[in-house]
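Presented below is the structure to which this report refers.
The values are calculated or read from the model by the stated rules, or taken from the named source; none is laboratory data. This structure is a prediction, so every number in the text was calculated from the model and none was measured. Counting neighbours? That spans all protein chains shown, and the Cβs are built from the backbone with ideal geometry, glycine included.
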Amino acid sequence: MIALSLAEIAAIVGGQTYDIPDPAVQVTGPVVRDSREVETGSLFVAFAGERVDGHDFAEAVIEAGAVAVLASRPVGVPAIVVADVQAALGALARQVVERLGATLVALTGSAGKTSTKDLIAQVLRSKAPTVFTPGSLNNEIGLPLTALSATEETKFLVLEMGARGIGHIRYLADLTPPKIGLVLNVGTAHIGEFGGREQIAQAKGELVEGLPEDGAAVLNADDPLVRAMASRTKARVILFGESDEADVRAENVRLTETGQPSFSLRTPSGCSDVTMRLYGEHHVSNALAAAAVAHELGMSADEIARALSEAGSLSRWRMEVTERPDGVTVVNDAYNANPESMRAALRALAAMGKGRRTWAVLGQMAELGDEALAEHDAVGRLAVRLNVSKLVAVGGREASWLQLGAYNEGSWGEESVHVSDAQAAVDLLRSELRPGDVVLVKASRSVGLERVAQALLDGGVEGEVAAR
Ligand SMILES: Nc1ncnc2c1ncn2[C@@H]1O[C@H](COP(=O)(O)OP(=O)(O)OP(=O)(O)O)[C@@H](O)[C@H]1O
Ligand SMILES: [Mg+2]
């Protein structure tokens, strides 16, 4: 964080200081909520959670080097006490980003936020010091903590914003008002909680409503609900996508034989070739979004293309490709799944698996509401159309729909199976995998299918693959 004294922080958050011998002492270390992350000079933020109360760690964090605790009650060690810790954290973040010289980029969408945020960060940091959301910490606590990790040197601050309802993005965008707001897509993630796609669009579009006139709204030209957000902003609109009207486009898109996208990037300032290290064609859209942001921030097509071609995966279980010593390739995409990313992952599997045996170990796509049956059926059918050698559908009712889709598309006999849980999938794969095979593992987060991928990579963890 930029150095601030405890007195300044207390004034910003409207808090009362307790047990602070010298209010001029500065916070020079990171602002953290996890006592294990405390460093010398830290400010520790005490949240009272359901299982753990941060206030119980007050003494320990001061011993570990924290200069004070931001708390909701006096704790017997140096503290700034406020009525609402979350609001105070937000107020502090807001004040700090106002003082920073950094340009704020915020992004939201139904799928691909973290992947795209990681791409934007890797492109921008090739130009200037960049701070970005670690992992997927995109809520009312993770976002201000990330913003507070910026320093005087930070030039770009890239923030992922998540929403589970109307008003969530507005709240986050008020805390850390972006200059550039990017909306990736409006899919079906959390559709149950939102009520429908229109509501999701309403919620995600809050990001562009708050942008300043001299800011930029970066919108997906290929997604009608996102494209329509252009009317909700006073900022300039930049479109990315395959559509002809997109300002930032990809031409000649193809997947290499290793399943990595390759394309010609077209921006208003030029054209340059990209071959990504990431797997799956869904990353083309993510890369274009990142390119549009980088173009807006003054980078040339060549600079952007080079950084996109070098960018790796910074977050786990997203098309993570590992070669086993025996020649089996494991593709762990078990972080999450939706119909769009299932299709992209299957196409990547087909491309990687040319001339090899391919296995799609798939589980439920959650939160699809009324569309669940049709979407699972369609994914099962696509696996057959792409000539995937074997579909292993893992889990309950939704998995049976996947397998039924494959069966109805013409996959009989051994080509598709339905197993009840992760352990059964591992048992089957262990006995049947042969050197040279390629295995894709993918399902929604709640299924926890990464255990299958890990078991295939680690070998003997049978006991750990618990049934779900
Ligand atoms: N552009 C995209 N379209 C569809 N699916 C995508 C896209 N990009 C990534 N995905 C898929 O969505 C899953 C989640 O990716 P990622 O973590 O980047 O998204 P997210 O929006 O940050 O998710 P969360 O809401 O959990 O934070 C991955 O498994 C990936 O396969
Ligand atoms: Mg995320």
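Quick notes on this one:
- Subset of the stretch 136-173 (residues that are within 15 Å of ligand 2 (Cβ to nearest atom), in a loop (DSSP other than H, G, I, E, B) and touching a strand residue (DSSP E or B) at 6+ places or on another chain (Cβ under 9 Å)): Ser136, Leu137, Asn138, Ile141, Met161, Gly162, Ala163
- Condition met for Leu373 (farther than 30 Å from Ser136 by Cα and modelled with pLDDT of 95 or more): no
Conditions tested, residue by residue: (1) closer than 25 Å to His283 by Cβ; (2) of a type in the set (Val, Ile, Thr); (3) buried (at least 18 other Cβ atoms within 10 Å of the Cβ); (4) modelled with pLDDT under 95.
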| position | (1), (2), (3), (4) |
| --- | --- |
| Pro144 | no, no, yes, no |
| Phe156 | yes, no, yes, no |
| Tyr171 | no, no, no, no |
| Thr176 | no, yes, yes, no |
| Gly192 | no, no, no, yes |
| Glu213 | no, no, no, no |
| Ala235 | no, no, yes, no |
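- First in the stretch 124-148 and among the basic types (Lys, Arg), second anywhere and part of a helix (DSSP H, G or I) and more than 14 Å from ligand 2 (Cβ to nearest atom), Cβ under 9 Å, 6 or more apart: Arg125/Ala307; Lys127/Ala294; Lys127/Glu303; Lys127/Ala307
- Pairing each residue of the stretch 361-389 that is in the same structural domain as Val426 (by TED's automatic domain parsing) with any residue that is among the hydroxyl-bearing types (Ser, Thr, Tyr), provided the two are 6+ apart or on different chains, yields C-beta distances under 6 Å for Gln364/Ser444; Met365/Ser444; Ala366/Ser444; Ala366/Ser446; Leu368/Thr188; Val384/Ser411; Val388/Thr358; Ser389/Thr358.
- Residue in the stretch 410-417 that is under 23 Å from Pro325 (Cβ atoms), touching a residue at least 12 places away in the same chain (Cβ under 8 Å) and either assigned by TED's automatic domain parsing to the domain that holds Arg357 or part of a helix (DSSP H, G or I) (or both) present: no
- Verdict on Ser341 being farther than 19 Å from Ser446 by Cβ, within 13 Å of ligand 1 (Cβ to nearest atom) and at pLDDT below 90: no
- Restricting the stretch 106-125 to residues that are near ligand 1 (Cβ under 9 Å from one of its atoms) and part of a loop (DSSP other than H, G, I, E, B), the residue that is surrounded by the most Cβ atoms within 10 Å (Cβ to Cβ) is Gly109.
- The listed residue being touching a helix residue (DSSP H, G or I) at 6+ places or on another chain (Cβ under 7 Å), outside the structural domain of Glu281 (by TED's automatic domain parsing) and in contact (Cβ under 8 Å) with a residue 40 or more places away in the chain, out of Val426, Val447, Val439: Val439
- Entirely in the stretch 31-105, the strands (runs of 3 or more DSSP E) that have 2 or more residues that are touching a strand residue (DSSP E or B) at 6+ places or on another chain (Cβ under 8 Å) and more than 30 Å from Ile180 (Cβ to Cβ): 68-71, 79-81
- Sole residue being crowded, with 16+ Cβ neighbours inside 10 Å and either within 14 Å of ligand 1 (Cβ to nearest atom) or not basic (Lys, Arg) (or both), chosen from Ala128, Ala201: Ala201
- Among (1) at pLDDT 95 or above; (2) in the same structural domain as Gly162 (by TED's automatic domain parsing); (3) part of a loop (DSSP other than H, G, I, E, B) - the single one Pro23 does not satisfy: (2)
- In the stretch 266-306, the residue that is modelled with the lowest pLDDT out of those that are surrounded by fewer than 24 Cβ atoms within 10 Å (Cβ to Cβ) and among the small types (Gly, Ala, Ser) is Ser269.
- Against the test of being away from ligand 2 (no atom under 14 Å from the Cβ) and within 15 Å of the chain's Cα centre (by Cα), the options Val186, Val123 yield a single qualifying residue, Val186.
- Among the conditions (1) within 22 Å of Leu433 (Cβ to Cβ); (2) away from ligand 2 (no atom under 16 Å from the Cβ), Asp333 misses just one, which is (2).
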